[in-house]
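Scroll down for the structure; my scribbles are underneath it.
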Amino acid sequence: MSSALTQLLLILLLPHPSGAVSGANEELKALEGKWTLIRVEMDGKKLADKEVSERKQSLVVRGKLLSICRDQKEIIRATMTIKADAHPKQMTLDATDLEGKGIQEIEAIYEIKGNVLRLYYSRPGWPRPTDFTPVLGTVLEVYERVDEKSGGPHSLDHLRPCNCSSSAAARPAWGEKRAWQRRLASLPRLP
């Protein structure tokens, strides 16, 4: 009799696995939409506001798909996996560059406060950040949600998943796309 009571209590008190799925689905809905880059810190150093605004970078989330665009041209496409129950919340991106030259797994943490998204990640192959403290080999990107209802140039009416072109002519020049990779490669490796 006591083992039946114990089993019943375990069923009632332990969280159901679908609760984690439900939390992840709610987080995906909270992330969905278009976000504009407003601040960047690399290795704990803030990039100049002018440099950030010249990037004209946006992030678009549709379900589990994420696209990063610059000047309305898609540069990265990724599939997201969310751990909404982690503290801080975790995101893993299986990212492919526009030309499909390989997939990189990017481990990040994030938080949403109002219309602001903070996305903090380390370079591929490095461990996921555990908090938002700036350290070598990490990038903090801060995005602001774009008003989807305005119908203006930032509306989500024509996104596929982002309002950017995927034609070869729309791709950034090879040197432009690889500059950040050369910078990350020049950083010292973790011991």
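Only the coordinates and a few stated rules stand behind these numbers; no lab work does. In this text the structure is predicted, and so the values were computed from the model without any measurement. Counting neighbours? That spans all protein chains shown, and the Cβs are built from the backbone with ideal geometry, glycine included.
Compute log10 of I(q)/I(0) for the range 95-145 with the Debye formula, placing one identical point scatterer on every Cα and leaving out solvent, at q = 0.15 Å⁻¹, to two decimals. These q points yield log10 I(q)/I(0) values of -0.47. In order along the range 54-63, the phi-based Karplus estimate (6.51 cos²θ - 1.76 cosθ + 1.60, θ = phi - 60°) of 3J(HN,Hα) comes to 5, 5, 6, 9, 9, 10, 10, 10, 10, x Hz; Gly and Pro are listed as x.
Working from label points 7 Å from Cα in the Cα-to-Cβ sense, the K113 to S53 distance is 2.3 nm. Once backbone amide H atoms are built at 1.01 Å from N, V146 has K34, W35, T36 as its partners under 5 Å, excluding neighbours fewer than 5 places away on the same chain.
In this rough spin-label picture, where each label sits 7 Å from Cα along the Cβ direction, the D43-A86 distance is 2.5 nm.
Phi angles across the range 38-44 convert, under the Karplus curve 6.51 cos²θ - 1.76 cosθ + 1.60 with θ = phi - 60°, into 3J(HN,Hα) values of 10, 7, 9, 10, 10, 6, x Hz, Gly and Pro given as x.
Cross-link check: pairs K45/K83; K29/K89; K29/K73; K50/K73 evaluated at a Cα-Cα cut-off of 26 Å; pairs beyond the cut-off: K45/K83.
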